[in-house]
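Read through the structure below, which is laid out as structure tokens, and then see the notes.
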Ligand SMILES: CC(C)(COP(=O)(O)OP(=O)(O)OC[C@H]1O[C@@H](n2cnc3c(N)ncnc32)[C@H](O)[C@@H]1OP(=O)(O)O)[C@@H](O)C(=O)NCCC(=O)NCCSC(=O)C[C@@H](O)CCCCCCCCCCCCC(=O)O
């Protein structure tokens, strides 16, 4: 797992060998310990170069080992030995030096990086902190402010930035290992006293207490309840205030707490789940590894409203030629300005030329005749989308994939209007489409594996976490949101305020609660969807029962007052002016709720945060189990990634299905049964049979659920 070679007569070259990313597994750590001992004890070796096989230095600790009993040697003593030796040790960094990989490099006396290398301490994203000396060496090397920023965000930086920060000594465009070997030879026999980072004093900061107080406040605010960023600040504070070895002891203690935390488990689950969702499958048995994507060089976007503009930007940034079509002249002009502005600002940030020339604009749908793939993003109106699909089917060259950005319409129906329904796929983007990571890729009953493979690959090219799901109302994300929002309305009827419900959800870790979110996206968005789904009683009707089931008209009544949220300055909250982002509790809403309860003979009761969470989240989770049972999502990871990357579910809770497994399926079942007994007219509270089955099977861990689902499907 690590190889030793004597090169150029005096340099011991140690190569980490653990594909694909040379992670520090037990065997690799053993290899490093053994090969380093060999190099340091061999009198022929005058200097050492450490590098990684296959042009990647090291991706850090082996995350697969976490959660198991850790065996193999620790690395801290070896890093101390490296730092203390009088033979110069040079890290030759290609590809990535991340986490434990960078910490190993920080123990070396010199670091030479390839210009394309990426460096970082991303442990925080896995619920951890740099625990083999990184939290103590980095601030000593680059100063406290820069170290805090890197360690608390986990950001990967370029070699150029690393050079600027003083994290690496030299950046090369040629062979990093050759340069490192030459350099190692040039410093053989020279004093290394000034190269041992653990001996450095931490660069002085005036008013250290005030600095850390400010940083802690900021980090806490951004953490939304995650504990690792807080521990990272504490560890850096130890570096800034204590001698090295005492700081190392603080680092160890903090890591001990984080290592076994449920947040670390959730974040590590998310790391693997994010990668697992790219290995999609369809109920037909078609899979990612047996289906060939078609190349897409030129794509088109139809409709340049907010979504269409974001999609155009995302496609252009992915390097595609784009034809952007908008029939309304004014909207087209405005879209050109907005798209160019976004691309120019992004290019400026990256120090690159903008990709404006890749986009051509047209008001004529016939301009898409020669593209490989079209994404329809017109207004969410069924008749309009039907017309666009019929036109596309007539004007596009044979074989063009036709995609829809609908969030709620039936993909099969749109496909049925075209000559080739097998080429039709849903591409559900999230606003702003060039920023949000999630892409829900919806295959219809006729979509071909090739079409799905093509769209999944395009999603990857755009930097999205693309999740393939089946076609049903609301697909996965919005379908699960329905019971969640419904419960929020019921809680208002029963005595809660929008602030109380939102506060419970924010304390859970969502960036904002359901009512604040609804104000942000526009309360009228779901009102329109509700009216389309349920035209009965669309206006002025207060019925609390629809088709024999409980219904809350509160959202409809609010909209009938013209309170469409942030954009109108009034919604579930009040705002200083239309468009303002500062939401304040609104006495008008409290009064509106009291009058509503009085009209319906409802007596307000005290509702606590635990009830808000159980009712909103467990009903959403229950719908997730139904989605799994129906095969709309292939596995719990798919649902979880949709919620983490599209709906603000806190990453440190791993997604709704992972969260359910952490709470305990038996408890979720028991609470759903409890609420269903109290509200038998709310079908979303009726526990789904898959949940019952899993509890009967002894509540297996989340990665085993697929086996139970397979069994159920094979019995059908
Ligand atoms: C590296 C990447 C940037 C590569 O990206 P790319 O897009 O090219 O590829 P993929 O992301 O698709 O990855 C390919 C493949 O590899 C798998 N993989 C990637 N990284 C790891 C990894 N680190 N471990 C295991 N497997 C990995 C990935 O899953 C893919 O496989 P799949 O089958 O799923 O397709 C990118 O991959 C990336 O960003 N990786 C993660 C980098 C990272 O986060 N590194 C930090 C790891 S945590 C760490 O290093 C902690 C250390 O600070 C401390 C470790 C101490 C541990 C012991 C704890 C006990 C406490 C006692 C302390 C004593 C310490 C001592 O003395 O030793």
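Residues checked against (1) under 28 Å from the mean Cα position of the chain (by Cα); (2) buried (at least 23 other Cβ atoms within 10 Å of the Cβ); (3) modelled with pLDDT of 95 or more:
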position: 663; (1), (2), (3): yes, no, yes
position: 677; (1), (2), (3): no, no, yes
position: 684; (1), (2), (3): yes, yes, yes
position: 688; (1), (2), (3): yes, no, yes
position: 692; (1), (2), (3): no, no, yes
position: 695; (1), (2), (3): no, no, yes
position: 706; (1), (2), (3): yes, no, no
position: 710; (1), (2), (3): yes, no, no
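Taking region 6-33 on its own, how many of its residues are closer than 23 Å to residue 85 by Cβ and out of contact with any strand residue (DSSP E or B) (no Cβ under 7 Å at 6 or more places or on another chain)?
5
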**Asked** Out of all the residues in region 83-99, is one or more assigned to a helix (DSSP H, G or I), within 15 Å of the ligand (Cβ to nearest atom) and surrounded by fewer than 23 Cβ atoms within 10 Å (Cβ to Cβ)?
**Response** yes
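State yes or no: is residue 702 under 16 Å from the mean Cα position of the chain (by Cα) and crowded, with 18+ Cβ neighbours inside 10 Å? Walk me through how you get there before you give the answer.
Numbers: under 16 Å from the mean Cα position of the chain (by Cα): no; crowded, with 18+ Cβ neighbours inside 10 Å: yes.
For residue 702, the condition - under 16 Å from the mean Cα position of the chain (by Cα) and crowded, with 18+ Cβ neighbours inside 10 Å - is not met.
In this structure, is residue 103 within 10 Å of the ligand (Cβ to nearest atom), closer than 21 Å to residue 198 by Cα and in contact (Cβ under 8 Å) with a residue 60 or more places away in the chain?
Working: within 10 Å of the ligand (Cβ to nearest atom): yes; closer than 21 Å to residue 198 by Cα: yes; in contact (Cβ under 8 Å) with a residue 60 or more places away in the chain: no.
For residue 103, the condition - within 10 Å of the ligand (Cβ to nearest atom), closer than 21 Å to residue 198 by Cα and in contact (Cβ under 8 Å) with a residue 60 or more places away in the chain - is not met.
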**Asked** Can you find a residue in region 328-351 that is closer than 27 Å to residue 295 by Cα, in contact with a helix residue (DSSP H, G or I) (Cβ under 6 Å, 6 or more places away or on another chain) and in a loop (DSSP other than H, G, I, E, B)?
**Response** no
**Request:** Name every residue in region 275-315 that is in a helix (DSSP H, G or I) and more than 30 Å from residue 334 (Cβ to Cβ), in order of residue number.
**Result:** 275, 276
**Request:** Would you confirm whether any residue within region 70-81 is surrounded by 20 or more Cβ atoms within 10 Å (Cβ to Cβ), at pLDDT 95 or above and away from the ligand (no atom under 11 Å from the Cβ)?
**Result:** no
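Residues to consider are 38, 64; find the one that is more than 16 Å from the ligand (Cβ to nearest atom), at pLDDT 95 or above and surrounded by fewer than 21 Cβ atoms within 10 Å (Cβ to Cβ). Steps first, answer last, please.
On the way: 64 fails: more than 16 Å from the ligand (Cβ to nearest atom).
From the options 38, 64, the qualifying one is 38.
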**Item:** Flag for residue 651 being in contact (Cβ under 8 Å) with a residue 40 or more places away in the chain and surrounded by fewer than 22 Cβ atoms within 10 Å (Cβ to Cβ)
**Value:** no
**Complete:** The residue from 315, 254 that alone is crowded, with 22+ Cβ neighbours inside 10 Å and assigned by TED's automatic domain parsing to the domain that holds residue 372 is 315
**Fill in**
Among residues of region 335-360 being more than 23 Å from residue 161 (Cα to Cα) and without any contact (Cβ under 8 Å) to a residue 12 or more places away in the chain, the residue surrounded by the most Cβ atoms within 10 Å (Cβ to Cβ) is 341
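Rundown of residues vs (1) more than 12 Å from the ligand (Cβ to nearest atom); (2) at pLDDT 95 or above; (3) crowded, with 19+ Cβ neighbours inside 10 Å; (4) farther than 18 Å from residue 123 by Cα, yes/no style:
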site: 245; (1), (2), (3), (4): yes, yes, no, yes
site: 266; (1), (2), (3), (4): yes, yes, yes, no
site: 276; (1), (2), (3), (4): no, yes, no, yes
site: 283; (1), (2), (3), (4): yes, no, no, yes
**Item:** Residue check, residue 376 under 30 Å from residue 632 (Cα atoms), modelled with pLDDT of 95 or more and either more than 16 Å from the ligand (Cβ to nearest atom) or outside the structural domain of residue 66 (by TED's automatic domain parsing) (or both)
**Value:** yes
**Complete:** Note: among 163, 119, 150, 167, just one is more than 8 Å from the ligand (Cβ to nearest atom), in contact with a strand residue (DSSP E or B) (Cβ under 8 Å, 6 or more places away or on another chain) and assigned to a loop (DSSP other than H, G, I, E, B), namely 167
**Asked** Can you name the condition, by its number, that residue 370 falls short on among (1) touching a helix residue (DSSP H, G or I) at 6+ places or on another chain (Cβ under 9 Å); (2) assigned to a loop (DSSP other than H, G, I, E, B); (3) on the phi < 0 side of the Ramachandran plot?
**Response** (1)
**Asked** Hey, residue 426 hits all of (1) more than 24 Å from residue 686 (Cα to Cα); (2) out of contact with any strand residue (DSSP E or B) (no Cβ under 8 Å at 6 or more places or on another chain) but one; which does it fall short on?
**Response** (2)
**Request:** Among residues belonging to region 8-35 that are in contact with a helix residue (DSSP H, G or I) (Cβ under 6 Å, 6 or more places away or on another chain) and either outside the structural domain of residue 56 (by TED's automatic domain parsing) or away from the ligand (no atom under 13 Å from the Cβ) (or both), point out the one that is farthest from residue 78 (Cα to Cα).
**Result:** 8
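Go over the candidates 145, 130 one by one and state the one that is closer than 22 Å to residue 232 by Cα, within 10 Å of the ligand (Cβ to nearest atom) and in the same structural domain as residue 23 (by TED's automatic domain parsing).
The match here is 130.
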**Prompt:** In region 416-440, which residues are under 25 Å from residue 522 (Cβ atoms) and surrounded by fewer than 24 Cβ atoms within 10 Å (Cβ to Cβ)?
**Reply:** 430, 431, 432, 434, 435, 436, 437, 438
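The values are calculated or read from the model by the stated rules, or taken from the named source; none is laboratory data. This is a predicted model, so every value here is computed, not measured. Here the Cβ is made from the backbone with ideal geometry for all residues, glycine too, and neighbour counts use every protein chain on show.
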